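Enquirer: The structure is given below, and queries will be raised subsequently.
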Amino acid sequence: MRPATSLFLLTLVRTALLPFTLSAQEQPLPNRPQDTILVAEIRVVGTRDALVSIPGSAFLIDRQSLTNAHVFTINEALRRVPGVTTRDEEGFGLRPNIGIRGLNPTRSSKVLLLEDGLPITFAPYGANETYYHPPVDRFERIEVLKGSGQILFGPQTIGGVINYITPDVPRHPGGTVSITPGSQHYLNGQVRYGGSWGRAGFMASYVRKQGDGARENVGSRLNDLNLKGVFALGASHALTVRGGYYTERSNVTYSGLTEAEYAADPRQNPFRSDSMILDRWGASATHQVALSPTVALTTSLYGFAVSRDWWRQSSSSDQRPNDRSDPNCGGMQNLLTTCGNQGRLRDYFVWGVEPRLHATSSLLGAVSVTDLGVRAHFERQDRRQVNGATPNAREAGPSTDANSGLAEDNLRKNQAYSAFLQNRLLFGHWTVTPGLRVEHVRYQRTNRLPTSDVSGRTDLTQLIPGLGATFAPAAQVTLFAGAHRGFAPPRTEDVINNTTGASVELDPELSWNYELGLRAQPVAGLALEGTLFRMDFENQIVAASVAGGSGASLTNAGRTLHQGLELSARLDSDVLTRSAHNLFFQAAWTYLPTARFEGARFAYLGTGGSDVVGKVYASQNGAGTRTQVSVTGNRLPYAPRGTLSIIAGYGHRGGVDVRVEAVRVGAQFGDALNTTATVPDGQQGVIPAYTVWNAAASYRLRVTRTTFFATVKNLFDKTYVVDRTRGLLPGSPRLVQAGIQQAL
């Protein structure tokens, strides 16, 4: 065993044993609100009062905001957070693309997504892409943290942490049932019921959603069942157990459109036989014990299994039938008859354990709040590609067909061990928060094809320090500043060669992130926050090819720089005037003047490159020539210079809420060359700026505890481009929904 690894594991053991050296005298845990039962939990931000001492930018979306806006997808919810950019894909929000501060939003791979403090993506260390996302209907609140405090959560510490919080178990039996029909054959049915009996409480929720997507021949049907049980085991012990089952059956393609296809009909989808079949089983248990009046230990055990089969005839707009390796197809005219398909078949198994210690003490005359813990996390990916002989094939074609059969059979394993420590020191108006995280990741990849049969291993260890400070000169004013190391591990497939098993020199994503900001409530009912940020990357990982589409491998991009300003404001007149009438206004603005390649950087175009205007370098690569173009100083793709979200409306304590929302996303480049002229496959060129309007209204009848509501998304039915990664994708069309919710 390597010396560095031995030292790291010794640190883990010592940290894990630390809680058992403390007093185990039983002490009562903090009380919960009157209407909920005691629950063991992990929070990223906590309450709004906790924002005072958080050394960085943080944002909370509460239950009322989610309920009154009747958000359709998680994209709708998050776009009101300053610094966050979301991008639609299939129209249902099932695979959201979330970017923070100019980081590429594709598959949300540069964001850490948690549910109740625990990871939800298929393989956070080996493949962090978001091919699954729970429905927004499952959550009660959303926490977003972008400052140095995010080093308590890993492995992604670059852009930010988004923690989705499920509802607490109610103290008294009750629940809700709702149904929402709408345009595009939309139907959403939900039921939630729970209660507490003695020292135990239970809650069950079920969501059924179905409807058409943003394009023709795209539609989804999903079921989401979740169970939660909480148990007060004593004055000092609480246990929360969760379990869930999620299914998705979608007719959805992976490919975008070519320029010609988009011009003919932006909502067309010729690949009507493509389908996604996904099943996910998950469970977790979180135990919390008060070891003393000032020390609490929270231990979480979690795991999930996922089966995902995506059968498709095209992966991107430059892979039309007969363009590549399907000579039996004969072109697009035979798409639904003789053209074959590919089954991208994936199985994931993930589990981990994480104890966290929270302690309050006195140090050098200051109040000291310490959070420390360790985590052991394990991932297994079974990945196969099966080529079918027909559009509707769901198994390999005959062995006599050279283009059918098993094309990929990969086993990928990851082991990750983490240790983290953050200590908050409170000196009067000042709070200083140093912290350190250590990540050790082991990679293993095996090519199980009979013609290959190779395996490789590698590992990495990374220190992730952070330092934050706040100054509160008045009760309603907080200045904050922070700096921390940004870290994201590379994917397994990008660090181990599939044909030789050799380690590939792909470094982890590393940056230094800085923040300087202000939170204030100058008058009752008015909340303001402003943050200056700088993300200075030593190495950012990007696609190796400018127009590589979905299949492009990743490569070291070297130095990049992001810096800008975030502003948010919330005004509620009823708090200020103490009236039953509330005129409210909410805004989030992000200005990103700088998002560019800093170091010497060349983008590969593949063979040819005749459609490229710029300085071209040719280098031999095997039998052909690959074109290199310098992109140093260019703007990073999918980094709009400005985004703006504004919500204005009227509410009354009697149960009325009416609101209008405008969302503005600035222009973006679709490739590292900053190409302005389009190319035939649609993967290069500018994504024009667009503004989308939404409206929602609801009325709650207090006597019967019934709520009626209606929403219109994309009020003016604007057609706009949201993505060029795999070809042109349009945003969602106008969606009209209306429903009723009944309290039980």
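Enquirer: Just rank 646, 687, 100, fewest to most, by other beta-carbon atoms within 10 angstrom. All intermediate terms of the calculation are to be shown ahead of the outcome.
Expert: Details: 646 16, 687 22, 100 25.
Listed from fewest to most nearby Cβ atoms, that is 646, 687, 100.
Enquirer: Mind jotting down the three principal axis lengths of the range 429-488 based on Cα atoms? Whole angstrom, largest first.
Expert: Result for the range 429-488: principal-axis Cα extents of 70, 18, 12 Å.
Enquirer: Largest first and in whole Å, give the semi-axes of the chain's equivalent ellipsoid, each being the square root of 5 times a Cα gyration tensor eigenvalue.
Expert: Numbers: eigenvalues 319, 198, 148 Å².
Listed largest to smallest, the semi-axes of the chain are 40, 31, 27 Å.
Enquirer: Using Cβ contacts closer than 10 Å as the measure, can you line up 152, 576 from fewest to most?
Expert: Numbers: 152 22, 576 14.
The order, fewest Cβ neighbours first, is 576, 152.
Enquirer: Cross-link candidates for residue 110: which lysines have Cα within less than 16 Å, leaving aside residues fewer than 8 places away along the same chain?
Expert: List returned: 146.
Enquirer: Next question, about the same structure. Taking the simple approach of a point 7 Å from Cα along Cα-to-Cβ for both residue 67 and residue 264, what is their distance in nm?
Expert: If labels sit at residue 67 and residue 264, their model points lie 4.9 nm apart.
Enquirer: Shifting gears a bit: How much length is gained if the chain between residue 237 and residue 216 is pulled fully straight, taking 0.36 nm per residue apart and subtracting their Cα-Cα distance, in nm to one decimal?
Expert: Working: separation 21, 0.36 × 21 = 7.56 nm, distance 5.30 nm.
Roughly 2.3 nm would be gained on extension.
Enquirer: Using the Cα centre of the chain as origin and beta-carbon charges of +1 (Lys, Arg) and -1 (Asp, Glu), tell me which of 70, 450, 560 is placed farthest towards the positive end of the dipole.
Expert: In the chain, that residue is 70.
Enquirer: Could you give the C-alpha radius of gyration of the range 119-241 expressed as a fraction of 2.2 N^0.38 Å, taking N as the number of residues it contains? Let's see the in-between values first.
Expert: Details: Rg = 18.0 Å, N = 123, 2.2 N^0.38 = 13.7 Å.
Computed over Cα atoms of the range 119-241, the ratio equals 1.31.
Enquirer: Kindly state, to the nearest 0.05, the FRET efficiency for residue 360 paired with residue 512, given R0 = 30 Å and r defined as their beta-carbon distance. Before the final figure, lay out the partial values.
Expert: Working: r = 30 Å, r/R0 = 1.01.
That gives a FRET efficiency of 0.50.
Enquirer: Let me ask something else about it. Over what distance in Å are the Cα centres of the range 197-261 and the range 674-744 separated?
Expert: 21 Å
Enquirer: Next question. Which one, 411, 683, 639, projects farthest toward the positive side of the charge dipole computed for the chain from Cβ point charges (K/R +1, D/E -1)?
Expert: Going by the charge dipole, the pick is 639.
Enquirer: Now, a different point. Using a Förster distance of 25 angstrom, determine the FRET efficiency expected from the C-beta separation of residue 206 and residue 185, and round it to 0.05. Walk me through the intermediate numbers first.
Expert: Values: r = 20 Å, r/R0 = 0.81.
Efficiency for this residue pair is about 0.80.
Enquirer: Using alpha carbons only, how many angstrom separate the centre of the range 327-384 from the centre of the range 124-157?
Expert: One Cα centre to the other: 10 Å.
Enquirer: For residue 701 and residue 577, what is the calculated FRET efficiency with R₀ set at 25 Å and r taken between the beta-carbons, to the nearest 0.05?
Expert: Result of the calculation: an efficiency of 0.45.
Enquirer: Could you tell me what % of all Cα pairs in the range 343-392 have separations over 19 Å? Please report the intermediate quantities before stating the final value.
Expert: On the way: 756 of 1225 pairs.
Result: 62 percent of Cα pairs exceed 19 Å.
Enquirer: When the C-alpha atoms of the range 177-244 are aligned to their principal axes, what extent does each axis show, in angstrom, from largest down?
Expert: Ordered largest first, the range 177-244 gives principal extents of 57, 19, 12 Å.
Enquirer: Here is a follow-up. When a/c reaches 1.5 or more, the comparison of a/b and b/c decides; with that in mind, is the range 403-445 rounded, prolate or oblate per its Cα gyration tensor?
Expert: Values: a/c = 10.01, a/b = 4.02, b/c = 2.49.
Prolate.
Enquirer: Kirkwood Rh, Cα Rg: Rg to Rh for the range 197-337? Mind dumping the intermediate values first?
Expert: Details: Rg = 23.8 Å, Rh = 19.1 Å.
On the Cα set of the range 197-337, Rg over Rh gives 1.25.
Enquirer: With unit charges on the beta carbons (Lys and Arg positive, Asp and Glu negative) and the dipole taken about the Cα centre of the chain, which residue among 421, 102, 393 sits farthest to the positive side?
Expert: Comparing the listed Cα positions along the dipole, 421 ranks first.
Enquirer: Diagonalise the Cα gyration tensor of the range 125-182 and give the resulting equivalent ellipsoid semi-axes, square root of 5 times each eigenvalue, largest first, whole Å. Write down the numbers at each step before the final one.
Expert: On the way: eigenvalues 175, 57, 21 Å².
Listed largest to smallest, the semi-axes of the range 125-182 are 30, 17, 10 Å.
Enquirer: So which lysines pass the test for residue 713, namely a Cα distance under 18 Å, with those fewer than 8 places away in the same chain ruled out?
Expert: Filter leaves 209.
Enquirer: Placing +1 at every Lys and Arg Cβ and -1 at every Asp and Glu Cβ, with all other atoms neutral, what dipole size does the chain have around its Cα centre, in debye to the nearest 20?
Expert: On the way: 73 positive and 61 negative charges, 216 e Å.
Around 1040 debye, computed over the chain.
Enquirer: Rg/Rh for the range 356-507: what does it come to with C-alpha atoms and Rh from Kirkwood? Don't jump to the answer; show the numbers that get you there.
Expert: Details: Rg = 24.5 Å, Rh = 19.6 Å.
Expressed as Rg/Rh, it is 1.25.
Enquirer: Further question on the same structure: Mark the label point 7 Å from the Cα of residue 691 along Cα→Cβ and return the residues of the range 635-668 whose backbone N is within less than 16 Å of it.
Expert: 642-648, 660-667
Here, each number is a calculation from the coordinates, and none is a lab measurement. The structure presented is a predicted model; accordingly, all values stated were derived computationally and were not measured. Positions of Cβ are generated from backbone atoms using ideal geometry, with glycine treated the same way; all protein chains shown enter the neighbour counts.
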